[in-house]
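The values are calculated or read from the model by the stated rules, or taken from the named source; none is laboratory data. Computed from a predicted model, the values in this text were never measured in an experiment. Quick reminder, even Gly has a Cβ in these numbers, built from the backbone with ideal geometry, and neighbours come from all protein chains shown.
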Amino acid sequence: MSTATMTPEARTIPAGRGHAFVGTGTMIRFMLRRDRIRIPVWILGLTAYTTGALSSYEQNYPEASDRETIADMADLPAMVAMVGNNYAPDEPYTHGLMFGHVTFLIVGVIFALMGVLLFIRHTRAEEEAGRAELIRSSVLGRHAQTTAALIVVCGTALVAGLLVSMSVGASGVDGVTMGGAYLYGMGLGLIGVVFATVAAVTAQITEYARGASGMALAVLGAAYAVRSVGDVGENFLSWLSPLHWARETRPFSDDQRAWPLLLLVVLAAVLIVVAGRLSDKRDVGAGLRPPRLGSATASPLLSSPLGLAVRLQRSSVIAWAVGLAVFGAFYGALISAADEMFDQISALEDMWAFEGASFADRWIVSFIGMLGVLAAVPAILAVQRLRSEETAGRAEPVLATAVSQTRWAASHLTVALAGSAGVIVIGGFGFGIAAAIDGRDIGYLGDSVAAAAVFIPAIWVAVGLAVALYGLVPRALGLAWIIPVYGFLVVYLGDLFGVDQSAHNLSPFGHVPELPAEDLEIAPLLIMAVIAAVLILAGLAGFRRRDLHST
Amino acid sequence: MTTAIDVTGVVKTFGQTRALNGLNLHVEQGEIHGFLGPNGAGKSTTIRILLGLLKADSGEASLLGGDPWRDAVHLHRRLAYVPGDVDLWPNLTGGEAIDLLGRLRGGLDPDRRRRLIERFDLDPTKKGRTYSKGNRQKVAIVAALASNVELLIMDEPTAGLDPLMETVFQDFIAEAKAEGTTVLLSSHILAQVEKLCDTISIIRQGEVVQSGSLEEMRHLTRTTVQAEISEAAGALESMDGVHDFRQEDGRVTFAVDGSHLDGAVRQLSQLGVRSLVAHPPTLEELMLRHYGDELGNGESAHVDPHGATGPGAN
């Protein structure tokens, strides 16, 4: 009976399993239409960033001796933890090898992020908004949306990988081969594919887009951290991470090989099957975990806008704090292993000026810096909650009670400010406690927490920008992500990618005193706090003056 | 003060769209005022201006003697609002949402809360995401009615409720009226407004086109009667209160005022009725008949053909 309503092409699909995929083609066209700007921006951005790094290497390190210095520096444990081992230590350090060694993992993480974010955007986020229900009630198979999203997202990742391969391969830079370029680009593309399928699995487990992308990103964080531990300790742990597999093609080395890419393909296939099985077990809109009943009355905590904001955001803030503490602990626990490794290459000490700071201090600066940039993410998410409450129409009934616009916005803002401060300090604490235990020096704990705490004003500038955008140009709220993205790509990783030092000054993260390697400077912290306050006040004033948006 | 809501010449535009075009609305204290208009006429925009959620471009609006934009917080202690499309927090239970909204307004009556939950047959322990549309609506209605307020503003509050629950709703509104509460009730269903309201304003394309008591609006409550009869219609056509009389091949169609329905039916019953259909005019019919509106969207100006065929097609 349903055959009567099917399209002619659908009718040719054999009955039974085929029905589940009806309409996949239409969904693919719909998703491409929806993301006609977003997808090209991802693809071109990734290609430009990667190719740009390669050409900056050629300009900045023309001589073999320059590159050998970088190769030695890259043997530092902090660098190994960050970018991975030099997989061809006995070969001359060509531009190509340097590029493969230093940039692959980082760009791989960005490909993985793209895979997760794009996939969740087209599946769970749609289901949560109730739009999927509308679409699925038309002639559309049960698996069509997931399948279409996988095809679109994996296609995007592979096209981006291919473009990277071609532009890198065509660069003619010394040491770059076409074969190496394809291994490099396809390895990246397949990382994107694998993490899109990870998201396909997590999307079945929880009902919320935020939860599903959070879980998938936690898997990414774990994959990155596990291989850090493996690379620094030079043990099997690296092989637990798909990020490492892709890098094991060893692009631009003499013994580059393609077989590790097969591992990624197999893993992606397994995850797709798992996602399909899980999806068969659940209803549209529901997760695998059934909803529970709750309290019939509200606790006294739930009697103010702040109480509501805390209630809505607490689990997310706690998850970020725990995540950063665990992530930090990974790197804190490496502090003595890193120290030993450093001793073995003591020649570096003369060559690499540390300006009086101990090696452990540099280690702390390096990884607390990463936590600091990451902590800006929950800060911005907390401000975005204002926007989602507003557009979903949940702000309206609250603002129709005796709660002013400013007080309502200030409630979520308080969560953003206090929550992000808590997240970075707890992250620093996780790092510090692991370092203190590993290095048998309780002083590391205080150093780490202090190094983390000085990031608070910079993170608050990100909150300020988000609030200002929310109050004045709410449609552009997404622009606030520029602060953590720029902080990560330019300030944190900029040296690796040959970004000019002056570009650091544009980011609040470029002005954070590098405790404990440097002295504490109060002035930049105060200036950033003032900037944050001005932005917040501007945003609140704008919000009070503008109309509430609703559906 | 005897005026609860006083709006004069309010204009509100969203980009190119002129949502309110010099709207006037007047609601006395203690009355139940029906705010009637088709979808997209500007009902929700008016309500959001009254709640201080939107700022009017020009014109005067006053609510309980205050300025809805400037005195929002102060005024909101004295009113409760039910939105037309209720979205609850997915991980808060209905009971928690009711308490939260009540407390933010300054407290609710626990006894009335219990009674409302019971009468509306609402399970307050379910999480917001598991409620159906009707149940989400009930949560908002309970939260509003459980508070002791002077003014209730309700934007199509019963959309999604079944008829049984609509009756419960009407009982509670009657109770609120007995306590002297003013109610602004927006709706696009004429029959609902008729049952509850003392006075009515009809809004169309951002303007109130008619306003007054139900009595003054009697012509709006004419019942349309269609019957097949075996005898000549005779005196029916010229009876008091009978309008728009038409007859062909033993079928008669006419509209009759509510106060003359009894007489018309008596007369009709003498004529050998073989079939009988009677229904109140729909809002769309009213708009067509009284304001020369077109069905569907705004711009096409084919008023006459629609006006002629629209009601007859029923």
**Fill in**
Residues in segment A:157-176 that are in contact (Cβ under 8 Å) with a residue 24 or more places away in the chain and surrounded by 23 or more Cβ atoms within 10 Å (Cβ to Cβ) total 6
**Asked** Any residue in segment A:419-433 that is of a type in the set (Ser, Thr, Tyr), touching a helix residue (DSSP H, G or I) at 6+ places or on another chain (Cβ under 6 Å) and within 14 Å of chain B (Cβ to nearest Cβ)?
**Response** no
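Residues A:ALA20, A:ALA15: which one is part of a loop (DSSP other than H, G, I, E, B) and either modelled with pLDDT under 85 or over 30 Å from A:GLY96 (Cβ atoms) (or both)?
Details: A:ALA20 fails: part of a loop (DSSP other than H, G, I, E, B).
Selected residue: A:ALA15, the only one of A:ALA20, A:ALA15 that is part of a loop (DSSP other than H, G, I, E, B) and either modelled with pLDDT under 85 or over 30 Å from A:GLY96 (Cβ atoms) (or both).
State the number of residues belonging to segment A:456-497 that are part of a helix (DSSP H, G or I) and within 30 Å of A:THR69 (Cα to Cα). Don't jump to the end; show me each part of the working.
Keep residues of segment A:456-497 that are part of a helix (DSSP H, G or I), which gives A:456-472, A:474-492.
Filter once more, keeping what is within 30 Å of A:THR69 (Cα to Cα): A:484-492.
Selection size over segment A:456-497: 9.
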**Prompt:** Can you tell which of B:GLY102, B:GLY66, B:GLY42 is in contact (Cβ under 8 Å) with a residue 40 or more places away in the chain and under 29 Å from A:ALA309 (Cβ atoms)?
**Reply:** B:GLY102
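Restricted to segment B:152-181, and to residues that are in a loop (DSSP other than H, G, I, E, B) and in contact with a Gly (Cβ under 6 Å, 6 or more places away or on another chain), which residue is modelled with the highest pLDDT? Walk me through how you get there before you give the answer.
Going residue by residue through segment B:152-181, those that are in a loop (DSSP other than H, G, I, E, B) are B:156-162, B:179-181.
Keeping just the survivors that are in contact with a Gly (Cβ under 6 Å, 6 or more places away or on another chain) gives B:156, B:160-161, B:180.
On the way: B:GLU156: 91, B:GLY160: 83, B:LEU161: 89, B:GLY180: 94.
Restricting to residues being in a loop (DSSP other than H, G, I, E, B) and in contact with a Gly (Cβ under 6 Å, 6 or more places away or on another chain), the top hit is B:GLY180.
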**Prompt:** B:ALA144 passes all but one of (1) surrounded by fewer than 17 Cβ atoms within 10 Å (Cβ to Cβ); (2) in contact with a Phe, Trp or Tyr (Cβ under 7 Å, 6 or more places away or on another chain); which number fails?
**Reply:** (1)
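Residues are listed down the side, and each one gets a yes or a no for (1) farther than 29 Å from A:SER279 by Cα; (2) touching a residue at least 40 places away in the same chain (Cβ under 8 Å):
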| site | (1), (2) |
| --- | --- |
| A:GLU91 | yes, yes |
| A:HIS101 | yes, no |
| A:PHE104 | yes, yes |
| A:VAL107 | yes, yes |
| A:LEU113 | no, yes |
| A:VAL153 | no, yes |
**Asked** Out of all the residues in segment B:79-91, which are facing chain A (nearest Cβ under 7 Å), in contact with a Leu (Cβ under 9 Å, 6 or more places away or on another chain) and modelled with pLDDT under 95?
**Response** B:TRP89
**Message:** Cβ-Cβ distance below 9 Å, separation of 6 or more or different chains: which pairs start in segment A:259-271 with a residue that is under 10 Å from A:ALA246 (Cα atoms) and end on one that is hydroxyl-bearing (Ser, Thr, Tyr)?
**Reply:** A:TRP259/A:THR249; A:PRO260/A:THR249; A:LEU261/A:THR249
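Per-residue answers, yes or no, for (1) within 11 Å of chain A (Cβ to nearest Cβ); (2) under 25 Å from B:ALA146 (Cα atoms):
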{"site": "B:PHE14", "(1), (2)": "yes, no"}
{"site": "B:GLU28", "(1), (2)": "no, yes"}
{"site": "B:GLY52", "(1), (2)": "yes, yes"}
{"site": "B:LYS55", "(1), (2)": "yes, no"}
{"site": "B:GLY65", "(1), (2)": "no, yes"}
{"site": "B:HIS74", "(1), (2)": "yes, yes"}
{"site": "B:ARG77", "(1), (2)": "yes, yes"}
**Message:** Condition first: at pLDDT below 90, crowded, with 17+ Cβ neighbours inside 10 Å, over 30 Å from A:VAL415 (Cβ atoms) and more than 10 Å from chain B (Cβ to nearest Cβ). Can you find one or more residues in segment A:277-284 that meet it?
**Reply:** yes
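Rundown of residues vs (1) more than 22 Å from B:SER211 (Cα to Cα); (2) surrounded by 24 or more Cβ atoms within 10 Å (Cβ to Cβ), yes/no style:
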{"site": "B:ILE49", "(1), (2)": "no, yes"}
{"site": "B:SER58", "(1), (2)": "no, no"}
{"site": "B:ALA61", "(1), (2)": "no, no"}
{"site": "B:GLY66", "(1), (2)": "yes, no"}
{"site": "B:HIS74", "(1), (2)": "yes, no"}
{"site": "B:ARG77", "(1), (2)": "yes, no"}
{"site": "B:ALA80", "(1), (2)": "yes, yes"}
**Request:** Kindly provide the set of residues from segment A:479-504 that are modelled with pLDDT under 90, closer than 26 Å to A:ALA468 by Cβ and surrounded by fewer than 17 Cβ atoms within 10 Å (Cβ to Cβ), ordered by number.
**Result:** A:SER502, A:ALA503
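Do we have any residue at all in segment A:199-207 that's more than 27 Å from A:GLY25 (Cα to Cα) and outside any loop (DSSP other than H, G, I, E, B)?
No; the residues of segment A:199-207 include none that is more than 27 Å from A:GLY25 (Cα to Cα) and outside any loop (DSSP other than H, G, I, E, B).
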**Prompt:** Within segment A:292-312, how many residues are more than 7 Å from every other protein chain (Cβ to nearest Cβ) and of a type in the set (A, V, I, L, M)?
**Reply:** 4
**Request:** Sort out for me the strands (runs of 3 or more DSSP E) sitting completely within segment B:195-253 that have 3 or more residues that are surrounded by fewer than 17 Cβ atoms within 10 Å (Cβ to Cβ).
**Result:** B:207-213, B:242-248
**Message:** Checking the conditions here, which among A:LEU371, A:LEU381 is surrounded by fewer than 24 Cβ atoms within 10 Å (Cβ to Cβ), of a type outside the set (Gly, Ala, Ser), closer than 30 Å to A:LEU489 by Cα and more than 14 Å from every other protein chain (Cβ to nearest Cβ)?
**Reply:** A:LEU381
**Request:** Filter segment B:6-25 down to residues that are closer than 17 Å to A:LEU548 by Cα and small (Gly, Ala, Ser) and give me whichever is farthest from the chain's Cα centre (by Cα).
**Result:** B:GLY15
**Prompt:** A:ALA410 fails exactly one of the following numbered conditions: (1) within 30 Å of A:VAL491 (Cβ to Cβ); (2) crowded, with 24+ Cβ neighbours inside 10 Å; (3) within 14 Å of chain B (Cβ to nearest Cβ). What is the number of that condition?
**Reply:** (2)
**Request:** Considering each residue of segment B:98-128, count those that are closer than 21 Å to B:ASP162 by Cβ and more than 7 Å from chain A (Cβ to nearest Cβ), and give that number.
**Result:** 11
